[in-house]
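The values are calculated or read from the model by the stated rules, or taken from the named source; none is laboratory data. Values in this document were obtained by computation on a predicted structure and should not be read as measured data. When we count neighbours, we look across all protein chains shown, and the Cβ atoms used for this are built from the backbone with ideal geometry, even at glycine. Ligands, DNA and RNA are stripped out before the accessible areas are found, and what is left, the full protein with its side chains, is counted by its heavy atoms. Shrake-Rupley method; radii C 1.70, N 1.55, O 1.52, S 1.80 Å.
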Amino acid sequence: MCSWIRDLKKIPYVRLMLRSNVDQKHSEKAFSLQKIIAGNFDVDLRAWASDAKSFGSPILIEWGTEPNGNWFSWNGKWNGGEKKGPARYIAAYRHIVDLMRNEGADNLLWVWHVNWLDEPERKWNAFENYFPGEHYCDWVGLSGYGPTTPMTRDGTESFAFKMRKAYPRLTRIAPGKPIIIAEFGCDLHNRHINTARWAKSALEDLFSNRWPAIIGLCWWNEGWQNDKHKKHDTDMIILHDVDLTRVFRDEFAQHADKIQESATISPR
């Protein structure tokens, strides 16, 4: 798949999601942070790094997505709590990066990716406490969603509101690092928000350069089942909504001078 992407003259962006299943809000027995730190998966990680090195050209790589959100098993809540959890995350993150760099996979550019809101909102769970250090982070990724299901009542604040909270914190902890909006989006059928208006405002702000460290964005163009009721399914697919499709086409056309078609990544 990485070769297909490179053939299109683009840069692959790969996430290592070390987990036993896609269920959320539980601890992880097979791929716990302690087992990663102990080196239980070093053979597999070295093999992956060797293949990445052989690939040769740049790959954006991410492990430990949104560590300040308690939905993923690498969040501190599931790994010793406030006293041990964030430190274990950092140790596991550094272990993976060091191992792959020792294999000579210098074409990997590491993306450290957090959620705009710390959940739970506790001092120990602030995303700053999960930062692995400037030498272990080439880019910074941020998630900033509106409501993500038809039933969600919270999260209706504007994208700009979320950035006012998160952007200054990110630029303080990782000054000079490129930031990508790795995930943003809204469910099309949520009754508490107009998705097209929310997206239009977000895109206008992103293209305005009011947050100069941001160099890219990714609308999470997906749908999924939440329970047994089809009307509760999440749908964030742009082409499923005429108004949202028009917003993206208009904004991209209006700001064509700010959209870079060819991939360019500077050396680390």
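If one takes the longest principal axis of the Cα atoms in the chain, at what angle in degrees, from 0 to 90 and to the nearest 10, does the Cα axis of helix 242-254 lie? Long axis of 242-254 versus the principal axis of the chain: about 80 degrees. Only protein heavy atoms count here; under a 1.4 Å probe, residue 246 has an accessible surface of about 120 Å². If you sort 9, 165, 200 by accessible surface, 1.4 Å probe, largest first, the order is 9, 165, 200.
As a fraction of the 1.4 Å probe accessible area of the range 153-257, surface on carbon and sulfur atoms comes out at 50 percent. In the chain, the calculated helix contribution to ellipticity at 222 nm averages -10500 deg cm²/dmol per residue, counting -39,500 (n - 2.57) for every DSSP H run with n ≥ 4. Judged by the gyration tensor of its Cα atoms, with axes a ≥ b ≥ c, the range 1-71 is oblate; a/c meets the 1.5 cut and b/c is at least as large as a/b. Pairs spanning more than 22 Å between alpha-carbon atoms, out of 29/77; 77/123; 10/258; 29/162; 10/162; 53/84: 29/162; 10/162; 53/84.
Accessible surface of residue 173, taken over heavy atoms with a 1.4 Å probe and every protein chain present, rounds to 40 Å². Here the range 218-253 and the range 57-122 have alpha carbon centers that stand 28 Å from each other.
Using the heavy atoms of the protein chains and a 1.4 angstrom probe, tell me the accessible area per residue for the chain in square angstrom.
Values: 14200 Å² over 268 residues.
I get 53 Å² per residue for this part.
In this structure residue 48 has an accessible area near 80 Å², from a 1.4 Å probe over the protein heavy atoms. Of all lysines in the structure, those lying under 23 Å Cα to Cα from residue 228, and not within fewer than 8 positions of it along the same chain, are 25.
Could you state the per residue volume, in Å³, of the convex hull enclosing the Cα atoms of the range 118-268?
Values: hull volume 20.3 nm³, N = 151.
It comes to 135 Å³ per residue, whole-number rounded.
Taken about its Cα centre, the chain carries a charge dipole of roughly 560 debye when the Cβ of each Lys and Arg holds +1 and the Cβ of each Asp and Glu holds -1. On the range 1-66, 55 percent of the accessible area sits on carbon and sulfur atoms, based on a 1.4 Å probe. Taking the longest Cα principal axis of the chain as reference, the axis of helix 42-55 is set at about 60 degrees. Legend: residues 148, 264, sorted from most to least accessible area (1.4 Å probe; ligands, DNA and RNA excluded), read 264, 148.
When restricted to Cα atoms, the chain yields an Rg and a Dmax of 18.8, 51 Å, respectively. Once the Cα atoms are used to define both axes, helix 159-173 deviates from the longest principal axis of the chain by about 30 degrees. Sorting 10, 29, 258 by accessible area puts them as 29, 258, 10; the probe is 1.4 Å, largest comes first, and only protein heavy atoms count.
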